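Inspection log for the structure reproduced underneath, given as structure tokens.
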Amino acid sequence: MCRATAVRERCTLYLLLATCYLVLAIQTMRTVSGITTYEDVVKGSRFIAHSARVDSVEETTSFLAEVADPSATHNCWAWRIDEQYRSSDDGEPGGTAGRPILATLDGHHLDHVMVVVTRYFGGTKLGTGGLVRAYGGVASKCLDRASIIEEQALISVSVSVDFAHAGAVHQLVGEHGGRVETEDFVAEGVTATVAIPEPSVDAFRTALMDATSGQAQILDPFPEP
């Protein structure tokens, strides 16, 4: 290859990189459909597990309020949404309820799912090991009975636009079947990480560049270290 050709190809590459960096972070998500309930009795204590899909922290709060029983001895729970996760022992000894439920979620390779396990004390203490087995076991059996669905691959993309075009990002993400995962407001405008179905990525990129007159930046949110 002659030097002139190599220079031209390098310049073309730099121009493409300056225009947009498309993330090749393809995600296939296993989650659940609907609410599943499982009930069991362990040494006199009644355990009821509920599982459901959740797509935001607000939805986890709503689901907990929906299925938890304030009159029960404990309402323990765990959820995972992408890289976010939380769990609660709700008065049980630390690490004996929420963490086993979360471990069950991860063991089933599920995302965007919450499990709430309600316990009515039956008079017999189960001990640390017994609690871990009871909460983890009831959660696992609940998820075994849940309707598992696998959603199409998504590609995570980080976009930067000025404030005037922030609304266009939300609109176009919705029109292309995606979701906004994070959104940060900085001095220069708005930077958002969005997840777009793989077949719609090119159309989304084109529409966003058109809507912003070519001013949007599409950047790699996971740069190489």
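The chymotrypsin sites (Phe, Trp or Tyr not before Pro) of the stretch 80-148 include none that meets both conditions, a loop assignment by DSSP and at most 10 other Cβ atoms within 10 Å of the site Cβ.
Its alpha carbons considered, the stretch 106-225 gives a radius of gyration followed by a Dmax of 21.5, 69 Å. For the stretch 145-218, the set of GluC sites (Glu not before Pro) satisfying both a DSSP loop assignment and a count of at most 11 other C-beta atoms within 10 Å is given as Glu188. Between amide H atoms placed 1.01 Å from N, distances below 5 Å from Gly122 occur with Ser45, Arg46, all of them 5 or more places distant or on a separate chain. Extension gain for Arg30-Asp82 works out to 17.6 nm (0.36 nm per residue, less the C-alpha to C-alpha distance).
Remark: spin-label model distance Asp184-Ala168 equals 2.2 nm, labels positioned 7 Å along the Cα→Cβ axis. The calculated FRET efficiency for Asp202 paired with Ile149, based on their beta-carbon distance and R0 = 22 Å, is about 0.30.
3J(HN,Hα) along the stretch 32-44: 10, 10, x, 9, 10, 10, 9, 10, 8, 10, 10, 6, x Hz, from the Karplus curve 6.51 cos²θ - 1.76 cosθ + 1.60 with θ = phi - 60°, whole Hz, x for Gly and Pro.
Could you calculate the contour length gain from Gln215 to Phe121, that is, 0.36 nm times the residue separation minus the distance between their Cα atoms, to one decimal place in nm?
Working: separation 94, 0.36 × 94 = 33.84 nm, distance 6.08 nm.
The span from Gln215 to Phe121 would gain 27.8 nm if fully extended.
The distance from the alpha carbon centre of the stretch 201-218 to that of the stretch 135-168 is 24 Å, rounded to a whole number.
No value in this document is a laboratory result; all are computed from the given coordinates. Keep in mind it's a predicted model, so treat the numbers as computed, not measured. Every residue, glycine among them, receives a Cβ derived from its backbone with ideal geometry; neighbour counts consider all protein chains shown.
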